[in-house]
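Asks: Attaching a single structure in structure tokens format; questions to follow.
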Amino acid sequence: MKRRFTLLALVLVAILPAGAARAASIGVEAFGGVSIPIVQDDTDQGSQFGVRVPVNLIPLLTVEPYFGASALGNKSVTLGAVTYERDGGDVTAFGLNARLGGFSGPGLKVFPYVGIGSHTLKREGTADLTKAGYNFGLGIGFSPLPKLSAGLRGEFNMIPLGNETSRKFANVTLGVSYNVLSLP
Amino acid sequence: MTKLRLLVLGGVAASLLATGCVLTSAQILVKFAFPPPNPLVVNVASGASSVSGLYIDLNTESDYADNKDKLKDIADLAVLGDVTNTGTGAIGVEVWLTKTNSGTLTADQVRAQGAQLWGPFNLAAGATKRIGWDESAGLFKAGKQVLIDEVKGDGQFSLYLIGPGTGAYQFQVKDGYLVLVIGAGL
């Protein structure tokens with residue numbers, strides 16, 4: 001896990017231009033949407049909510065500490081004449097995204113992003129599991145009012161479990177962010 | 001800007017590669033009905049009473065057979081069914097596992113030769129209760145690892161349903177199933 005964080009840090013360092021200090025912006029974004037399990041027979045689609053704190057220090061890069069929580073849907077399986085239901089489980093995550101471009105300002109923005117985080121999977125009858133997870137996706141955002149932005153994101157989220165298996169999710173979220181601080 | 005995007009994409013690719021072949025894995029449900037008779041009747045007078053083993057050959061289930069060579073892990077498992085305590089005292093139903101087709105054993109032999117997989121599932125005299133999946137998942141014991149090894153091995157083993165201690169008890173299990181969610185490469 002340490003190696004993976006180091007890898008991400010190296011990528012971030014590589015894309016930071018030297019002497020890039022300029023105007024800084026800090027925002028707060030609330031988001032919500034759906035989390036769709038990919039090739040998982042034992043859990044179903046659920047909801048996802050969370051908060052991101054976009055920090056834009058250089059023109060081409062915004063970093064986003066985030067917290068997200070998913071409540072996955074229960075899975076029903078019919079065996080003979082009886083239908084059984086399994087708790088879909090919850091996933092909580094906190095981590096850091098790096099996205100191209102700023103998050104505030106006028107106009108339509110399309111931005112790819114990549115992130116890494118600590119994910120905890122909880123499920124009734126099963127011990128909690130905390131693992132590093134990765135995500136990448138594409139967002140589209142616009143600013144209808146000064147300091148206010150809205151955006152739609154589609155992302156792929158993967159949580160390796162060890163033993164060469166993982167839990168994978170497609171997440172689609174809508175978010176609204178407010179620019180709380182802008183420095184010249 | 002192009003260089004920046006390439007660096008980000010490279011970072012994503014390197015990060016994913018560092019995790020191994022996890023991208024192409026899946027969680028696949030495998031369900032195995034208890035062999036006949038249905039309901040399974042257990043009637044034990046003492047530890048010396050005979051108990052029939054349920055011989056399980058997962059290879060007869062296509063979901064398992066099709067994915068056996070790609071099997072990496074067990075993501076979830078459950079023992080399901082409707083249990084009726086037909087005796088006169090409260091019981092805690094347990095499931096024990098042996099690694100072979102060990103046939104009929106005494107309750108004492110099951111405890112000596114096998115590993116406790118699951119239970120106790122407590123039931124008052126005369127009561128019938130459906131084993132819920134969530135409850136079942138929480139009742140697995142150390143024998144779970146033996147089951148995982150068997151599932152990753154030849155997929156053949158025997159299950160024994162017995163009650164507590166060496167006293168007399170009787171119960172029956174209707175529409176019993178063993179359910180596995182296997183983590184497999186695709």
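The values are calculated or read from the model by the stated rules, or taken from the named source; none is laboratory data. Here the structure is a predicted model, which means the values were calculated and not measured. With ideal geometry, Cβ positions are generated from the backbone for all residues, glycine too; neighbour counts draw on all protein chains shown. The protein model used for the area step is the full one, side chains on, heavy atoms only, and it has no ligands, DNA or RNA in it. Shrake-Rupley method; radii C 1.70, N 1.55, O 1.52, S 1.80 Å.
Asks: Taking the criterion of being within 14 Å of chain A (Cβ to nearest Cβ) and open to solvent by 40 Å² or more (accessible area, probe 1.4 Å), would at least one residue in the range B:96-116 satisfy it?
Replies: no
Asks: Which one is farthest from A:LEU152 (Cα to Cα) among residues in the range A:39-62 that are hydrophobic (A, V, I, L, M, F, W, C) and open to solvent by 40 Å² or more (accessible area, probe 1.4 Å)? Walk me through how you get there before you give the answer.
Replies: Kept after step one, since they are hydrophobic (A, V, I, L, M, F, W, C), are these residues of the range A:39-62: A:39, A:49, A:51, A:53, A:55, A:57-58, A:60-61.
Among the residues that remain, those that are also open to solvent by 40 Å² or more (accessible area, probe 1.4 Å) are: A:39, A:49, A:51, A:53, A:57, A:60.
Numbers: A:VAL39: 24, A:PHE49: 13, A:VAL51: 14, A:VAL53: 16, A:LEU57: 22, A:LEU60: 19 Å.
Once the filter is applied, the top-ranked residue is A:VAL39.
Asks: Right, here's the next one. Which one is farthest from B:ASN101 (Cα to Cα) among residues in the range B:122-157 that are more than 11 Å from every other protein chain (Cβ to nearest Cβ), modelled with pLDDT of 95 or more and in contact with a Lys or Arg (Cβ under 8 Å, 6 or more places away or on another chain)?
Replies: Ranking the candidates gives B:LEU123 first.
Asks: Counting only residues that are more than 14 Å from chain B (Cβ to nearest Cβ) and more than 15 Å from A:ARG52 (Cα to Cα), which one in the range A:137-153 is surrounded by the most Cβ atoms within 10 Å (Cβ to Cβ)? Walk me through how you get there before you give the answer.
Replies: First, pick out the residues of the range A:137-153 that are more than 14 Å from chain B (Cβ to nearest Cβ): A:140-153.
Imposing the further condition that a residue be more than 15 Å from A:ARG52 (Cα to Cα) reduces the set to A:140, A:142-147.
Values: A:ILE140: 13, A:PHE142: 13, A:SER143: 19, A:PRO144: 9, A:LEU145: 8, A:PRO146: 10, A:LYS147: 15.
Step by step, filter the range A:137-153, then rank; the result is A:SER143.
Asks: Also, quick follow-up: Report the residue count in the range A:92-102 for those that are more than 10 Å from chain B (Cβ to nearest Cβ) and in contact with a Lys or Arg (Cβ under 9 Å, 6 or more places away or on another chain). Give the derivation first.
Replies: Initially, the range A:92-102 is screened for residues more than 10 Å from chain B (Cβ to nearest Cβ), giving A:92-97, A:102.
So of that shortlist, the ones also in contact with a Lys or Arg (Cβ under 9 Å, 6 or more places away or on another chain) come out as A:92, A:97, A:102.
Residues meeting the conditions: 3.
Asks: Then there's this: Only one of B:LYS68, B:LYS141, B:LYS72 is closer than 25 Å to B:VAL181 by Cα and free of Cβ contacts under 8 Å to residues at least 60 places away in the same chain. Can you tell me which?
Replies: Of B:LYS68, B:LYS141, B:LYS72, the one residue that is closer than 25 Å to B:VAL181 by Cα and free of Cβ contacts under 8 Å to residues at least 60 places away in the same chain is B:LYS141.
Asks: Here are some conditions: (1) crowded, with 19+ Cβ neighbours inside 10 Å; (2) of a type in the set (Gly, Ala, Ser); (3) at positive phi; (4) more than 18 Å from the chain's Cα centre (by Cα). B:GLY165 meets all but one. Which one does it not meet?
Replies: Failing condition for B:GLY165: (1).
Asks: Sort through A:THR43, A:THR6 and tell me the only one that's closer than 23 Å to A:LYS168 by Cα and either at pLDDT below 50 or in contact with a strand residue (DSSP E or B) (Cβ under 9 Å, 6 or more places away or on another chain) (or both).
Replies: Numbers: A:THR6 fails: either at pLDDT below 50 or in contact with a strand residue (DSSP E or B) (Cβ under 9 Å, 6 or more places away or on another chain) (or both).
Checking each option against the conditions leaves just A:THR43.
Asks: Output yes when any residue across the range A:162-177 is in contact with a strand residue (DSSP E or B) (Cβ under 6 Å, 6 or more places away or on another chain) and over 27 Å from A:GLN40 (Cβ atoms), and no when none is.
Replies: yes
Asks: What are the residue pairs meeting all of these: first residue in the range A:160-177, first residue at the interface with chain B (Cβ under 7 Å from one of its Cβ atoms) and part of a strand (DSSP E or B), second residue crowded, with 18+ Cβ neighbours inside 10 Å and among the acidic types (Asp, Glu), Cβ atoms under 6 Å, and 6 or more apart or on different chains?
Replies: Cβ pairs passing all conditions: A:THR165/B:ASP73.
Asks: How many residues does the range B:71-89 contain that are surrounded by 17 or more Cβ atoms within 10 Å (Cβ to Cβ) and within 14 Å of chain A (Cβ to nearest Cβ)?
Replies: Adding up the residues that qualify gives 12.
Asks: Does A:GLY105 satisfy the criteria of being part of a strand (DSSP E or B) and either more than 10 Å from chain B (Cβ to nearest Cβ) or within 17 Å of the chain's Cα centre (by Cα) (or both)?
Replies: Working: part of a strand (DSSP E or B): no; either more than 10 Å from chain B (Cβ to nearest Cβ) or within 17 Å of the chain's Cα centre (by Cα) (or both): yes.
Against the criterion (part of a strand (DSSP E or B) and either more than 10 Å from chain B (Cβ to nearest Cβ) or within 17 Å of the chain's Cα centre (by Cα) (or both)), A:GLY105 does not qualify.
Asks: I've got another one for you. Considering only residues of the range B:129-162 that are touching a helix residue (DSSP H, G or I) at 6+ places or on another chain (Cβ under 8 Å) and more than 30 Å from A:PRO160 (Cβ to Cβ), which is most open to solvent (accessible area, probe 1.4 Å)?
Replies: If we take residues in the range B:129-162 being touching a helix residue (DSSP H, G or I) at 6+ places or on another chain (Cβ under 8 Å) and more than 30 Å from A:PRO160 (Cβ to Cβ), then B:GLN156 is most open to solvent (accessible area, probe 1.4 Å).
Asks: Filter the range B:117-128 down to residues that are out of contact with any helix residue (DSSP H, G or I) (no Cβ under 9 Å at 6 or more places or on another chain) and either more than 15 Å from B:LEU54 (Cβ to Cβ) or among the charged types (D, E, K, R) (or both) and give me whichever is surrounded by the most Cβ atoms within 10 Å (Cβ to Cβ). Give the steps one after another, and end with the answer.
Replies: Of all residues in the range B:117-128, those out of contact with any helix residue (DSSP H, G or I) (no Cβ under 9 Å at 6 or more places or on another chain) come to B:119-120, B:122-128.
Retained after the next criterion (residues that are either more than 15 Å from B:LEU54 (Cβ to Cβ) or among the charged types (D, E, K, R) (or both)): B:120, B:122-128.
On the way: B:PRO120: 15, B:ASN122: 14, B:LEU123: 21, B:ALA124: 10, B:ALA125: 12, B:GLY126: 11, B:ALA127: 14, B:THR128: 13.
In this case the residue turns out to be B:LEU123.
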